[in-house]
Amino acid sequence: METKIRLGISTCLLGEKVRYDGGHKMDRYLTETLGNYIQYVPVCPEVECGMPIPREALRQVGEPASPRLVTTRTKQDFTDQMVRWAKKRVQELEQEELCGFIFKANSPSSGMVRVKVYDAQGMPHKVGVGLFARIFMERFPLLPVEEEGRLHDAKLRENFIERIFVYKRWREMVAAGRTLGRLVSFHTRHKLLLLSHSPQGHNSMGRLVASAKRIPPNELFEQYQRLLMETLGLKTTVKKQINVLQHMMGYFKQELSPDEKQELLEIIDQYRQAYVPLIVPITLFNHYVRKYDQPYLKDQHYLRPHPVELQLRNHV
Ligand code: SF4
């Protein structure tokens, strides 16, 4: 990739002291490990909409579908101020070429899921979405989004990072010009990655590309992008991964000796039984792809969806 991936992020996760109590919530994985590949675009809804540091803490109250954003002690209502600012801010963010957003969990302004909404009796219910996060996700429904807490889960982290890398490649391809040739090439290189998330999604996208000449270009790219992000948003499973690994074996029918085939089958089985992580069979496949210069597989992003330094696909 020529440039770093641009991601929106809740400012306090970068270590900036913007929280209501004057503190921050620096996340070292985000700033250091992932930070090597990312150019962050920080957004602190509360400070940017005009609140001071420090400030009184806020909470959501009322109906979960349309809660009010009020201070916990003096009950000042900041809903209208926040919504007005957020609608303007998401317009500005359209120019930022974001490939995703990482939100601070549990915040009444920035939280993505399960934000507390207090009812008339003062009881909290974890059913809300931060006010800014909701407006952002409505404006950018296809953009990969996550919370920092959920990114500590290995599978959710892997899925999110995979999606932001794909989104970046998608943006670069579209920026180069929306031609059918580029779309076919993009699709071809992502086939196995798509298959590892959803055989159905993979098939639907294949049908869309096959009928591409009958669809107006803008509509085609719009449909493809929606299917792409929906498919990659589906969780991969051991069963789906094994399907892809076995599929890849088919490309080495001629080259591999019976002993090499047996070794691959044994390693796939060890992965199936959760004795080794996915990175183990993938590494062996990469070895054979390089050794035999397999033309189709060497272009597959499935074999290198993200930098090895991020240590993904390493869990069992
Ligand atoms: S959670 Fe959101 S609103 Fe609160 S300090 Fe962090 S960025 Fe600002």
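Between their Cα atoms, which of K104/K240; K4/K155; K253/K291 are more than 21 Å away from each other?
Beyond 21 Å between Cα atoms: K104/K240; K4/K155.
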Practice task
Could you work out how far apart the two model spin labels at Q200 and E219 are, taking each label as a point 7 Å from the Cα in the direction of the beta carbon, and quote it in nm?
Solution key: 2.4
Handout entry: Separation of alpha-carbon centers, the range 1-64 and the range 257-290, rounded to whole Å
Key = 41
Exercise for the section: Write down Rg/Rh for the range 37-93, rounded to two decimals, with Rg from the C-alpha atoms and Rh from the Kirkwood relation over Cα pairs. Expected result: 1.03
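Looking at the range 142-183, which trypsin sites (Lys or Arg not before Pro) are in a loop (DSSP not H, G, I, E or B) and have at most 15 other Cβ atoms within 10 Å? Please report the intermediate quantities before stating the final value.
Working: sites: R150, K155, R157, R163, K168, R169, R171, R178, R182; in loops: R178.
Here the sparse-neighbourhood loop sites are R178.
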Exercise for the section: Based on alpha-carbon positions alone, could you give the equivalent ellipsoid semi-axes of the range 1-124 from the gyration tensor, as √(5λ), descending, whole Å? Expected result: 28, 16, 13
Practice task
Once you have all Cα-Cα distances for the range 191-294, histogram them in 10 Å bins from zero and send the whole-percent values.
Solution key: 14, 37, 28, 17, 5, 0
Exercise for the section: Would you kindly state how much longer the chain becomes between D153 and R182 on full extension, computed as 0.36 nm times their sequence separation minus their alpha carbon distance, in nm to one decimal? Expected result: 7.0 nm
Problem - More than 12 angstrom apart: percent of Cα pairs within the range 93-140 - result: 62
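Take peptides 256-267, 193-204, 235-246 and line them up by average Cβ neighbours within 10 Å, highest first, as a rough protection proxy.
Ranked by mean Cβ neighbours within 10 Å, highest first: 193-204, 235-246, 256-267.
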Exercise for the section: Determine the gain in length on full extension of the stretch E230-K75; use 0.36 nm per residue of separation and subtract their C-alpha separation, reporting nm with one decimal. Expected result: 51.8 nm
Exercise for the section: Go ahead and run the numbers for FRET between E56 and M26, Cβ-Cβ distance against an R0 of 35 Å, rounding to 0.05. Expected result: 0.95
Practice task
Please say if the range 4-46 is rounded, prolate or oblate, where rounded means a/c under 1.5 for a ≥ b ≥ c the square roots of the C-alpha gyration tensor eigenvalues, and otherwise the choice is prolate for a/b larger than b/c and oblate otherwise?
Solution key: oblate
Practice task
Answer rounded, prolate or oblate for the range 67-181, using the Cα gyration tensor with square roots of eigenvalues a ≥ b ≥ c: rounded when a/c is under 1.5, else prolate when a/b is larger than b/c, else oblate.
Solution key: oblate
Handout entry: Paramagnetic reach from Y296 in the range 221-263 [backbone N under 14 Å; point 7 Å along Cα→Cβ]
Key = 244-255
Exercise for the section: Could you check what % of the DSSP bridge pairs in the chain are antiparallel, to the nearest 5? Expected result: 40
Practice task
Taking just the C-alpha trace of the chain, give me its Rg and Dmax in Å.
Solution key: 22.4, 75
Practice task
Multiply the residue gap between E96 and Q270 by 0.36 nm, knock off their C-alpha separation, and tell me the result in nm, one decimal place.
Solution key: 58.2 nm
Handout entry: All aspartates and glutamates inside 12 Å of K87 as judged from Cα atoms, apart from same-chain residues fewer than 8 positions distant
Key = E138
Practice task
Go ahead and estimate [θ] at 222 nm for the chain from helices alone: -39,500 (n - 2.57) per DSSP H run with n ≥ 4, summed, over the residue count, rounded to 500.
Solution key: -14000 deg cm²/dmol
Problem - Per DSSP, loop GluC sites (Glu not before Pro) in the range 1-45 with at most 15 further Cβ within 10 Å - result: E2
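Every number in this text was worked out from the coordinates using simple rules, so none of it is lab data. Keep in mind it's a predicted model, so treat the numbers as computed, not measured. Positions of Cβ are generated from backbone atoms using ideal geometry, with glycine treated the same way; all protein chains shown enter the neighbour counts.
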